[in-house]
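This report refers to the structure that appears directly beneath it.
The values are calculated or read from the model by the stated rules, or taken from the named source; none is laboratory data. This one's a predicted model, so the numbers in the text were calculated from it and none came from an experiment. Backbone-built Cβ (ideal geometry, glycine too); neighbour counts: all protein chains shown.
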Amino acid sequence: MQLMGELQLMRPLDDNELEALKLFANGRSADEMAELLGVSKSMAMHYLRVAARKLGARNRVHAVAIAVRIGLIRPSGGNE
């Protein structure tokens, strides 16, 4: 389990989910995320959905807000 601030994740985010969340937070499109992750567009979106579910978020934007708040990711303004 990951313990981040007040949030305890029952299942930690894997590397792909975390990277997809970072890319999304920095404004990358689904096509760009897929290319950078070396997967299909649907798989990149799957990573985001799973990350959101693991974070207990209502949607992808909420997942980014949670991840930033707990220090899991730090948006870089689009410059990964």
Could you tell me whether residue 67 is in contact with a Lys or Arg (Cβ under 9 Å, 6 or more places away or on another chain), surrounded by 14 or more Cβ atoms within 10 Å (Cβ to Cβ) and at pLDDT 95 or above?
no
Pairs, please: C-beta under 8 Å, at least 6 apart or cross-chain, first residue assigned to a loop (DSSP other than H, G, I, E, B) and in segment 23-42, second at pLDDT 95 or above and not polar (S, T, N, Q)?
28/36; 39/47; 40/34
Restricting to segment 43-68, name every residue that is out of contact with any strand residue (DSSP E or B) (no Cβ under 8 Å at 6 or more places or on another chain) and outside any helix (DSSP H, G or I).
57, 58, 59
Within segment 48-55, can one find any residue that is basic (Lys, Arg) and either farther than 21 Å from residue 11 by Cβ or touching a Pro at 6+ places or on another chain (Cβ under 6 Å) (or both)?
no
Output for segment 9-22, where each listed residue is assigned to a helix (DSSP H, G or I) and either aromatic (Phe, Trp, Tyr) or exposed (fewer than 15 other Cβ atoms within 10 Å of the Cβ) (or both)
15
Taking only segment 28-48 into account, find how many residues are under 12 Å from the mean Cα position of the chain (by Cα) and surrounded by fewer than 16 Cβ atoms within 10 Å (Cβ to Cβ).
1
Taking segment 49-64, which residues are surrounded by 13 or more Cβ atoms within 10 Å (Cβ to Cβ) and either touching a residue at least 60 places away in the same chain (Cβ under 8 Å) or of a type in the set (D, E, K, R) (or both)?
49, 54, 60
